[in-house]
Amino acid sequence: MTRKRVAILISGRGSNMVALIEAAKAPDYPAEISLVVSNRPDAAGLARAKAEGIATAVVDHKPYGKDREAFERALQAVLEGRRIELVCLAGFMRLLSPWLVERWQGRMLNIHPALLPAFKGLDTHRRALAAGAQAHGATVHVVGNELDSGPIVLQEAVPVVAGDTEETLAARVLEAEHRIYPQALKLLVQKRVQEIEGKSRR
Ligand code: GAR
């Protein structure tokens, strides 16, 4: 089994990154984490990735100002340099332009802390509480051109319970995130393998 070469893109803490790294330690997991990239030099997740012996890179968005595509070209060069086949966004807090999304069509996953299509964007836990939602959760989806859009791979719902605060709800959702992201990456790899094998048989 040749394992798919995956890059994880982070901006901060990197707990979903850790969940993916841990899952990929299983000998039968179909992907290896080949690279972790952060757009923030101070992202806490970078140290953890290094401690795991994983190659890391920083592509700081700040020097590029409003030129989103120039930032993305620099990012793309890093991904190509490491022969990356699939990308997982894991708390990567930059909007992506169609330029990058098209290059990774069907090969880029994102995790979002809500049951999409509900609560796209930021502050999902606060908004779920304000809406009186009885259930909330997490979604892993293939990245499409619109914000927090694209085919859903996996979702997990969690209950909203009496007395929940943003923090308690976020913590419950985060546990679900850590369960579904590794599963979703595995599903994407298997689906792509099936597609490729299907094509070669025709
Ligand atoms: C996670 O809850 C993730 O779903 C969310 O940021 C957090 C990152 O945590 N992503 C977004 O809000 C994307 N718009 P982590 O760095 O510990 O994985």
Being within 11 Å of the ligand (Cβ to nearest atom) and over 22 Å from Val59 (Cα atoms) is the filter here, so list the residues in the stretch 18-36 that pass it. Ala19
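Kindly indicate which of Leu75, Leu46 is farther than 19 Å from His112 by Cβ, more than 16 Å from the ligand (Cβ to nearest atom) and among the hydrophobic types (A, V, I, L, M, F, W, C).
Numbers: Leu46 fails: more than 16 Å from the ligand (Cβ to nearest atom).
Checking each option against the conditions leaves just Leu75.
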Of the residues in the stretch 11-54, those that are in contact with a Ser or Thr (Cβ under 8 Å, 6 or more places away or on another chain) and either of a type in the set (Lys, Arg) or outside the structural domain of Ala90 (by TED's automatic domain parsing) (or both) number 2
Can you pull out the residues in the stretch 94-115 that are under 14 Å from Ile152 (Cα atoms) and not in a loop (DSSP other than H, G, I, E, B)? Met108, Leu109, Asn110, Ile111, His112
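Considering each of Val160, Val173, Val153, Val142 in turn, give the residue that is within 19 Å of Arg13 (Cβ to Cβ) and surrounded by 15 or more Cβ atoms within 10 Å (Cβ to Cβ).
Numbers: Val160 fails: within 19 Å of Arg13 (Cβ to Cβ); Val153 fails: within 19 Å of Arg13 (Cβ to Cβ); Val142 fails: within 19 Å of Arg13 (Cβ to Cβ).
Testing whether each residue is within 19 Å of Arg13 (Cβ to Cβ) and surrounded by 15 or more Cβ atoms within 10 Å (Cβ to Cβ) leaves just Val173.
Restricting to the stretch 80-93, name every residue that is over 10 Å from Leu9 (Cα atoms) and either among the charged types (D, E, K, R) or outside any strand (DSSP E or B) (or both).
Residues of the stretch 80-93 over 10 Å from Leu9 (Cα atoms): 80-86.
Answer for the stretch 80-93, where residues must be over 10 Å from Leu9 (Cα atoms) and either among the charged types (D, E, K, R) or outside any strand (DSSP E or B) (or both): Glu80, Gly81, Arg82, Arg83, Ile84, Glu85.
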Name, by its number, the condition in (1) touching a helix residue (DSSP H, G or I) at 6+ places or on another chain (Cβ under 8 Å); (2) within 12 Å of the ligand (Cβ to nearest atom); (3) farther than 28 Å from Ala55 by Cβ; (4) not in a loop (DSSP other than H, G, I, E, B) that does not hold for Ala176. (1)
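The values are calculated or read from the model by the stated rules, or taken from the named source; none is laboratory data. Treat the numbers as computed from the prediction; the structure is a model and nothing was measured. A quick note on method: Cβ atoms are made from the backbone with ideal geometry, for glycine too, and the neighbour counts reach across all protein chains shown.
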